[in-house]
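A.B. asks: Got a structure for you, questions after.
The values are calculated or read from the model by the stated rules, or taken from the named source; none is laboratory data. The structure displayed is predicted, hence computed values, not measured ones. With ideal geometry, Cβ positions are generated from the backbone for all residues, glycine too; neighbour counts draw on all protein chains shown. Accessible surface areas use protein heavy atoms only, side chains included; no ligands, DNA or RNA. Shrake-Rupley method; radii C 1.70, N 1.55, O 1.52, S 1.80 Å.
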Amino acid sequence: MVQRRDKHNYYLDIAESVIERGTCLRRNYGSIIVNNDEIISTGYTGAPRGRKNCTDLGFCRREQLQIPRGQRYELCRSVHSEANAIISAPRRDMIGATLYLAGRDCKTGELVPDASSCAMCKRMIINAGIAKVVVRNTRDEYTVIDVQRDWIDNDDSLGDMMGY
């Protein structure tokens, strides 16, 4: 008997496919927002519409400046995958939804094992009314984040801003 893929990994597989549209030279992410077993929107890492992508330019400004992961995103050309998925979805469809997130390192092709939304994306996810974020760790393992408990009740925003 064929074993059916569980739903979280099914949606994470789709989020991983969305990565293929990404245009970052460091790490690309794919996000999908799902509510009531319906995909509401998708998003990938890329420059704002009409602007040149890092893949077009052939360089990454943050990499040139040797900025470590998780810092100085204001210098990045890209809009994050979570933000692009949120921009493409009506708020009424995001309330109580789940955002699925997968990331891949561009140099190694490996999944980003400890992927996490940046402080700005966390704020957008909270305001969009998204209830859970499921992050792919390996092909079959993932972390489920309860937005209310983990990002609202246990507000870590000062730690995010101060680099803790």
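A.B. asks: In the range 55-94, how many are under 27 Å from residue 127 (Cα atoms) and either in contact with a Lys or Arg (Cβ under 6 Å, 6 or more places away or on another chain) or in a loop (DSSP other than H, G, I, E, B) (or both)?
C.D. replies: Matching residues across the range 55-94 total 12.
A.B. asks: Hey, any hits in the range 25-46 for a residue that's of a type in the set (D, E, K, R) and touching a Gly at 6+ places or on another chain (Cβ under 6 Å)? Can you show your working first?
C.D. replies: Just the residues of the range 25-46 that are of a type in the set (D, E, K, R), to begin with: 26-27, 37-38.
In the following step, the residues that additionally are touching a Gly at 6+ places or on another chain (Cβ under 6 Å) were identified as 27.
Yes, the range 25-46 contains a residue that is of a type in the set (D, E, K, R) and touching a Gly at 6+ places or on another chain (Cβ under 6 Å).
A.B. asks: To continue, here is another question. From the set of residues in the range 80-102 that are of a type in the set (Gly, Ala, Ser) and open to solvent by 40 Å² or more (accessible area, probe 1.4 Å), which is farthest from residue 7 (Cα to Cα)?
C.D. replies: 88
A.B. asks: Is at least one residue of the range 152-161 of a type outside the set (Phe, Trp, Tyr), in contact with a strand residue (DSSP E or B) (Cβ under 6 Å, 6 or more places away or on another chain) and open to solvent by less than 90 Å² (accessible area, probe 1.4 Å)?
C.D. replies: Looking for residues that are of a type outside the set (Phe, Trp, Tyr), in contact with a strand residue (DSSP E or B) (Cβ under 6 Å, 6 or more places away or on another chain) and open to solvent by less than 90 Å² (accessible area, probe 1.4 Å), one finds none in the range 152-161, hence no.
A.B. asks: Here are 77, 72: which of them is open to solvent by 40 Å² or more (accessible area, probe 1.4 Å), under 22 Å from residue 18 (Cβ atoms) and charged (D, E, K, R)?
C.D. replies: It is 77.
A.B. asks: Check residue 109 against each of (1) without any contact (Cβ under 8 Å) to a residue 24 or more places away in the chain; (2) open to solvent by 50 Å² or more (accessible area, probe 1.4 Å) and name the one condition it does not meet.
C.D. replies: For residue 109, the failing item is (2).
A.B. asks: Yes or no: the range 86-98 includes at least one residue that is modelled with pLDDT of 90 or more, under 20 Å from residue 137 (Cα atoms) and out of contact with any helix residue (DSSP H, G or I) (no Cβ under 6 Å at 6 or more places or on another chain).
C.D. replies: Checked against the condition, which is being modelled with pLDDT of 90 or more, under 20 Å from residue 137 (Cα atoms) and out of contact with any helix residue (DSSP H, G or I) (no Cβ under 6 Å at 6 or more places or on another chain), the range 86-98 yields at least one hit.
A.B. asks: Filter the range 121-140 for residues that are among the acidic types (Asp, Glu) and either without any contact (Cβ under 8 Å) to a residue 40 or more places away in the chain or in contact with a His (Cβ under 9 Å, 6 or more places away or on another chain) (or both) and give the result.
C.D. replies: Once the filter is applied, which keeps residues that are among the acidic types (Asp, Glu) and either without any contact (Cβ under 8 Å) to a residue 40 or more places away in the chain or in contact with a His (Cβ under 9 Å, 6 or more places away or on another chain) (or both), the range 121-140 yields nothing.
A.B. asks: Same structure again: Tell me, please, whether a residue that is open to solvent by 20 Å² or more (accessible area, probe 1.4 Å), among the small types (Gly, Ala, Ser) and either in contact with a Gly (Cβ under 8 Å, 6 or more places away or on another chain) or at negative phi (or both) can be found in the range 9-17.
C.D. replies: yes
A.B. asks: Sticking with this one: Test of understanding: among 102, 128, which residue is of a type outside the set (Phe, Trp, Tyr), modelled with pLDDT of 95 or more and out of contact with any Ser or Thr (no Cβ under 9 Å at 6 or more places or on another chain)? Lay out the reasoning, then the answer.
C.D. replies: On the way: 102 fails: out of contact with any Ser or Thr (no Cβ under 9 Å at 6 or more places or on another chain).
Of 102, 128, the one residue that is of a type outside the set (Phe, Trp, Tyr), modelled with pLDDT of 95 or more and out of contact with any Ser or Thr (no Cβ under 9 Å at 6 or more places or on another chain) is 128.
A.B. asks: Here's another thing I want to ask about it. Would you check which residues across the range 116-127 are surrounded by 18 or more Cβ atoms within 10 Å (Cβ to Cβ) and in a loop (DSSP other than H, G, I, E, B) and list them?
C.D. replies: 117
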